[in-house]
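Student: Here's a structure for you.
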Amino acid sequence: MAADHYAMTPGPSSSFGARLARLIVDHPVVVLVIWLVLAPGAAHFALSVKSDNSPDRLIVEGDEDYQQTRVFQKIFPEGQYVVMLAEAADPFSPEVLTRVTELETALGKVPKVRPLSALTIYRQTHPQFAATAEQAAAFNAFATGTKLFRKQGLIGDGVLGIPMELQVKDRDELQDVLRAIDAVVKPFADQPAPLSAVRKIGGPYVDRYLSEETQRSTLLYMPLFGLFIVLLNLFLYRSFRTLFAFLLTIGLTVLFTEAFAGVLGFVSTIVSSLVPLTVLITCTSTLVYLHSLYVACPAGTDIREHQVFTLCNKFLPCTASIFAAAVGFAALAVSGIRPIREMGYWVAAGMVVTWLTSFTLFPALQRLFRVPPSTERRTAGQWWPRIVDHLPWFSYRFRWLLVPGSIVLMFVGLGALLGVPHLVKPMRLETDSLDYIDHKLPLYQDTRKFEATMSGLTVTEAWIKVPNGAVLEPGVLRGLHWFGARLEADPRVGSVLGPTTLLQWVRYLQGQGDSLPEDAASWDKLAGDFQQLALSRPEFRGSVDVATLKNARVRVITRGGFDGYAGLKSFLAESWAEAQRENPALAPCTMTVAGEGVLQAKIAHYLVPTLTESFGITAAVIFLAFLVVFRSPSARLMAMIPSVFAILVMFLVMRLTGIALNVATILIASTVLGASENDQIHFFYHFQEGRRTGGTEAALRHALLVSGRAIVFATIINAGGFLALALSPLPPMRQFGVVSACAFLLSMIADFTALPASLWLVSRDAPTK
């Protein structure tokens, strides 16, 4: 690469920036000591960051539904729920019932675990039950004589369910209880006979799997990316001293970024696990831009002065790109999805740390390690000038193909994302945390089978507020029963558990059938029965606030099929309004939707706004950053062409390959735009340098010679780094990695084709013959 390309605009050596750069270059030991002194404290906070993928971490605390759910849970405290499934060809045979009894007895001995099965209920009226042929047949008739057991997930075709409430206070206690359950179940799962299998399902198991695999994936791709940096660095610069400077700078950057999260109390989730990788990649790319100019020190030039010039020359484009990326990621704060909002702040902090280490620690290490320039050690990319000889002519010749073709592809990608009225639906949203695990895993398959054949697992709470403490009045109880029946009539609802559900259990146990009378007169006695049972049996107090008699709960377990958050709330509101019309006693009562089910539905409600709003803010901020670097309005817009092209075409690729929008892939737009605009800023910065002394062709050659090779290397870093996520067992992470890597490659292709072609069209120049 020609040295005079770098020496065009050295800037005044006495400028304030040059004096600061000299201060860093002349005192590298002081700079390094400052960072190393701060490192132990940063390590302490970095190690305090824990992992948590539970549903209540997904919605921001200021959300109205989140707040309502927290208030509801104070009135009706509840634990976590998991289900054991005991499978057998004949689940009612004496041998199977004996084995299930042994399993349930063992589970009941685990502290904080309350199992409940059809056998448990049967023993309330048959305490001397023994699994003889005669009694097994009686239990079979009892369990299959009503729909109640199947609706509640207690029996199914070839399976007996054992739901368990885990009465835990926090996540750590939950993990301890799950491990205790695993230890109890293991002998039964290893040797299930006469059962065919013993399976575990439930949200806590999904959350645990996500947390464990998130941590495992991080431990996998971080070393892989480290190895990638080592190999790429040695290939590019052929110097171990350069490699050590890179590794130490990147390592401290990630450490201080993680410390920021520890100080603010953030937790690692499936989304925020992307933060270290994003910061790693951005930091490495920035160092490549700085070092590519540093190693191009012309022969005979003092290396100290050239290093000062490098810091001054790259200060504006690097600062503008890092600032734009930081504010762009901070724009994710508009999201109502808590991990995405925290990730925005987290990565923004990482960008600030990247800027600090790049302009202080890295030049100090270059100086201390005496990193060699290209005049002392030949670097990679000597072939690049030959490519530059052809790119301006190529982009000019095919300008009328490259620019319109890019525009058409962008509009097609936009249609793939947002849909086309009457032709194409908008891109599918994926919010069920179960979809975030490998579909081949038994946990996924068993849960989906349970939802399809027995009951759902998504719990939504209908919180009924009853004035004047009248929750046990006959008319109110009758209305709540009518409301529950109305909900259960919908095929999307697996089961409903309200105050009167337990009355149905009691009547069935007493041989009176599982239905409650509909006439108002009978409800006077039923209300009296409920009051007596609530005083003597704790389970009856779980659906009624006995302290004030002003609150009741109706638990709705759904299988899915609702049209998102709005569809779920609308269904419950319409059913409640109908119940009020049919039951005048409910007229003064109000119903509020709460629970993890509505929070999960809210994620989908927030996904598209997260994409559109954060992308819009990021694009606006980057445009303002371009305003600082470029004076030409057309240049500001054209500089964004490669990134926008890559993003929209990636949505087309996602649509064609069936990849949905989820909490990970929703970040592709902001991530690619925030990271790839770095290339465009450096390209245009040096393009303007070239315009000062020549036309479009000379400016393009100068920009391509000075920044083109660094753009190629930075793209390899970006794409290769995110591609490491392809090894993750979590589908969203795997999809995010592959799609992001492709987007960075597309952005680089547009940098060298569509962008120069656009410049030819705007300038109306032509290359020299």
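Student: When the dipole is taken about the Cα centre of the chain, and only Lys, Arg (+1) and Asp, Glu (-1) are charged at their Cβ, what size is it in debye, to the nearest 20?
Tutor: Details: 65 positive and 61 negative charges, 453 e Å.
Roughly 2180 debye, rounded to the nearest 20.
Student: Per residue Cα convex hull volume for the chain, in cubic angstrom? Working shown, then result.
Tutor: On the way: hull volume 137.9 nm³, N = 769.
With only Cα atoms used, the chain gives 179 Å³ per residue.
Student: Based on a Kirkwood Rh over C-alpha pairs, give the Stokes-Einstein translational diffusion coefficient of segment 211-365 at 10 °C and viscosity 1.306 mPa s in µm²/s. It would help to have the intermediate numbers written out before the result.
Tutor: Working: Rh = 16.4 Å.
In µm²/s, the coefficient is 97.
Student: Please find the FRET efficiency linking Leu727 to Ala133, where r is the Cβ-Cβ separation and R0 is fixed at 56 Å, and quote it to the nearest 0.05. Write down the numbers at each step before the final one.
Tutor: Working: r = 54 Å, r/R0 = 0.96.
Efficiency at R0 = 56 Å is approximately 0.55.
Student: Can I ask one more? Two decimals, Cα atoms only, Kirkwood Rh: what is Rg/Rh over segment 150-264?
Tutor: Using Cα coordinates only, the ratio equals 1.23.
Student: Among Gly108, Ala42, Gly62, which residue has its Cα positioned farthest towards the positive end of the charge dipole of segment 24-108, with +1 placed on the Cβ of Lys and Arg, -1 on the Cβ of Asp and Glu, and the dipole taken about the Cα centre?
Tutor: The Cα lying farthest towards the positive end belongs to Ala42.
Student: Could you calculate the contour length gain from Thr144 to Gln73, that is, 0.36 nm times the residue separation minus the distance between their Cα atoms, to one decimal place in nm? Provide the component values of the computation, followed by the final result.
Tutor: Values: separation 71, 0.36 × 71 = 25.56 nm, distance 3.37 nm.
Separation in residues times 0.36 nm, less the Cα-Cα distance, equals 22.2 nm.
Student: Turning to a different aspect of this structure: In the chain, what percent of the accessible surface is made up of carbon and sulfur (1.4 Å probe, ligands and nucleic acids excluded)? Could the numbers behind the result be given before it?
Tutor: Numbers: 19280 of 31110 Å².
Ligands and nucleic acids excluded, carbon and sulfur reach 62 percent.
Student: Once both labels are modelled 7 Å past Cα along the beta-carbon direction, what's the Leu356-Met222 spacing in nm?
Tutor: 2.0
Student: A follow-up question, please. Taking a ≥ b ≥ c as the square roots of the Cα gyration tensor eigenvalues, with a/c under 1.5 meaning rounded and otherwise prolate when a/b beats b/c, else oblate, which class fits segment 466-525? It would help to have the intermediate numbers written out before the result.
Tutor: Working: a/c = 1.88, a/b = 1.12, b/c = 1.68.
Oblate shape, in that a/c is at least 1.5 and b/c is the bigger or equal ratio.
Student: Using 0.36 nm per residue of separation minus the Cα-Cα distance, give me the extension gain between Thr375 and Thr301 in nm, one decimal.
Tutor: Values: separation 74, 0.36 × 74 = 26.64 nm, distance 1.03 nm.
The Thr375-Thr301 span can extend by a further 25.6 nm.
Student: How long are the three semi-axes of the equivalent ellipsoid of segment 388-429, in whole Å, if each is the root of 5 times an eigenvalue of the C-alpha gyration tensor, listed from largest down?
Tutor: Its equivalent ellipsoid spans semi-axes of 34, 10, 4 Å.
Student: In Å, what Kirkwood hydrodynamic radius results for segment 366-525 from the alpha-carbon pair distances?
Tutor: On the way: mean 1/r = 0.0411 Å⁻¹.
After inverting the pairwise mean of 1/r, the radius is 24.3 Å.
Student: Please give, to one decimal in nm, the separation of the simple spin-label points placed at Asp435 and Leu745, each 7 Å out from Cα toward the Cβ.
Tutor: 2.6
Student: Also, quick follow-up: Counting only other residues whose beta carbon sits under 13 Å from that of Asp90, what net charge do I get with K and R as +1, D and E as -1? Please report the intermediate quantities before stating the final value.
Tutor: Values: positive: Arg99; negative: Glu87, Glu95, Asp157.
Net charge in that neighbourhood comes out at -2.
Student: Just report the Cα centroid separation between segment 223-242 and segment 398-438, whole Å.
Tutor: 36
Student: Could you pull out every residue, at least 5 positions away or on a different chain, whose amide H is within less than 5 Å of the one on Ser268? Hs are placed 1.01 Å off N in the peptide plane, and Pro or chain starts have none.
Tutor: Distant-sequence amide H within range of Ser268: Lys50, Ser51, Asp52.
Student: Going through segment 343-383, which trypsin sites (Lys or Arg not before Pro) have at most 12 other Cβ atoms within 10 Å and a DSSP loop state? Before the final figure, lay out the partial values.
Tutor: Numbers: sites: Arg367, Arg370, Arg377, Arg378; in loops: Arg370, Arg377, Arg378.
Answer by residue number: Arg370, Arg378.
Student: Another question, then. For the chain, what relative contact order do you get, as a whole percent, if you take Cα pairs closer than 8 Å and at least 6 residues apart? Intermediate results must be reported in sequence, preceding the final value.
Tutor: Working: 1204 pairs, mean separation 148.0, N = 769.
Dividing the mean separation by the residue count of the chain yields 19 percent.
Student: Same structure, new question: Setting aside same-chain residues fewer than 8 positions from Lys50, which lysines have a Cα under 24 Å from its Cα?
Tutor: By straight Cα distance, Lys50 reaches Lys112, Lys169.
Student: A 32 angstrom limit on the alpha carbon distance is what I want to check against. Which of Lys314/Lys602; Lys109/Lys569; Lys465/Lys525; Lys449/Lys525; Lys147/Lys200 exceed it?
Tutor: On the way: Lys314/Lys602 44 Å; Lys109/Lys569 39 Å; Lys465/Lys525 23 Å; Lys449/Lys525 40 Å; Lys147/Lys200 23 Å.
Over 32 Å Cα-Cα: Lys314/Lys602; Lys109/Lys569; Lys449/Lys525.
Student: Write down the accessible area per residue of segment 632-769 in Å², having rolled a 1.4 Å probe over the full set of protein chains. Intermediate results must be reported in sequence, preceding the final value.
Tutor: Details: 3760 Å² over 138 residues.
Computed with neighbouring chains in place, this is 27 Å² per residue.
Student: Which one, Ser273, Ala547, Ala703, projects farthest toward the positive side of the charge dipole computed for the chain from Cβ point charges (K/R +1, D/E -1)?
Tutor: Positive-most Cα among the choices belongs to Ala703.
The values are calculated or read from the model by the stated rules, or taken from the named source; none is laboratory data. Everything quoted here is computed from the prediction, not taken from an experiment. Every residue, glycine as well, gets a Cβ built from its backbone with ideal geometry; the counts of neighbours run over all protein chains shown. Only protein heavy atoms, including side chains, enter the accessible area calculation; ligands, DNA and RNA are left aside. Shrake-Rupley method; radii C 1.70, N 1.55, O 1.52, S 1.80 Å.
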